[in-house]
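No value in this document is a laboratory result; all are computed from the given coordinates. Keep in mind that what you see is a predicted model, and the values were worked out from it rather than measured. Note: ideal-geometry Cβ built from the backbone for every residue, glycine included; neighbour counts use all protein chains shown.
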Amino acid sequence: MSRIPALVEAARGGDPRALARLITLVENDDEGLPELAALLAPHTGTAQVIGLTGSPGVGKSTTTNELVRALRARGHRVGVLAVDPSSPFTGGAILGDRVRMQDHATDTGVYIRSMSARGHLGGLAAATPQAVRVLEGAGCDLVLVETVGVGQAEVEVASLADTTLVLLAPGMGDAIQAVKAGILEIADVFVVNKADRDGADATYRDIQGMIALGERGPGQWRPPVLRAVAAKGEGIDDILAAIDKHRSWLESGGELRRRREARAAAEVEAIALAALRERIGSLRSGTALPALACAVADGSLDPYAAAGQLLASLQLPASN
Ligand SMILES: Nc1nc2c(ncn2[C@@H]2O[C@H](COP(=O)(O)OP(=O)(O)OP(=O)(O)O)[C@@H](O)[C@H]2O)c(=O)[nH]1
Ligand SMILES: [Mg+2]
């Protein structure tokens, strides 16, 4: 008998170990994930997902820690996922996260977890939304997702979140990097952290200048730029206020629904692609693909026709 229903029940009852085991199932792309997703579905769809992203060391974990404190004070149940997109091993940054977030270690209203997607066929794009669902299903009404890294991983976080915070810090040429990495497009709120350091004003002006250059129609969201000293808990209330304001904007124009549908589409697509990849991979050890390959190598079949035959030979009911 599957152990998953009992784990879901325990996680919903607030058992952190059950929650941890469910997220491990997600990380490992366990064959029970379809069952898990079906059990969680009735309890999902309402949590607010907030992404935090930015270059290594800008203060994402410190800010997350302070946001958790403030959100707990408001009475929310909060989940935190620190996603490590690249490292095949759990890196120092993630261990650091554990240390810094220990403030909340005894609070049962907070669940903090580092996650790697290395075992998941669909990668980060497929694994992270499932982990968010687990946290949501377990009763978190807010989920914060911290991503270490730059570029693609950040874009993936943004597509997952209702509101994406992009953190910058002075003196790292960050503003220019942000533009290069396409971060300007994904940020709903900019935070210039480490505002106690030299150069914070310049970073602030740079990013303001770049936002001013962007074209925005009436009713479109203009990302605010905030200053914070997360290490001292300064500026956290402003960040929360900006998140609230963005949330109201999302709700007023139907954008929340649009984002969530786009997120669901990406999620479904990632699962389907992973299943497809697995099916095609499994054909390598069978006879169909080698036979087609032989024909293509001989010149008796062109590769498009061969690929068409390969796809046609797959029977494609949804499966894990
Ligand atoms: N001076 C100053 N230092 C800060 C501030 N916020 C965080 N730090 C320090 O900056 C360092 C990195 O902070 P983290 O919160 O771990 O940064 P991060 O973005 O999560 O780092 P990674 O997860 O490794 O990418 C730590 O030593 C923090 O104490 C701040 O506002 N001012
Ligand atoms: Mg961190």
Report task. Quick one: which residues, 5 or more positions from G253 or on another chain, have an amide H under 5 Å from its amide H? H modelled 1.01 Å from N in the peptide plane, none for Pro or chain starts. Result -> none
Query raised in the report: Considering amide H positions built from the backbone, and no H for Pro or chain starts, which residues 5 or more places from L168, or on another chain, come under 5 Å of its amide H?
Result: V191, V192, N193
**Report entry** Rg followed by Dmax, in Å, when the range 267-313 is reduced to its Cα trace
**Finding:** 12.1, 39
Report task. Would you mind getting me the FRET efficiency between S248 and Y304? Use the beta-carbon distance for r and R0 = 35 Å, nearest 0.05. Result -> 0.10
Report summary line: Listing T53, T108 by rising number of other beta-carbon atoms within 10 angstrom, fewest first, gives T108, T53
Query raised in the report: Do any trypsin sites (Lys or Arg not before Pro) in the range 275-314 lie in a DSSP loop with no more than 15 other beta carbon atoms within 10 Å, and if so, which?
Result: R284
Requested in this report: Fewest Cβ neighbours within 10 Å first, please rank Y304, Y111, Y204 accordingly.
Outcome: Y304, Y204, Y111
Query raised in the report: Using θ = phi - 60° and the Karplus form 6.51 cos²θ - 1.76 cosθ + 1.60, what ³J(HN,Hα) does each residue of the range 187-202 get, whole Hz, x for Gly and Pro?
Result: 7, 9, 9, 9, 10, 8, 8, 6, 5, 7, 9, 4, x, 5, 5, 5
Query - Cβ-derived FRET efficiency at R0 22 Å, E269 paired with D107, nearest 0.05 - result: 0.05
Report summary line: By the mean-Cβ-within-10 Å protection proxy, highest first, 127-140, 28-41 rank as 127-140, 28-41
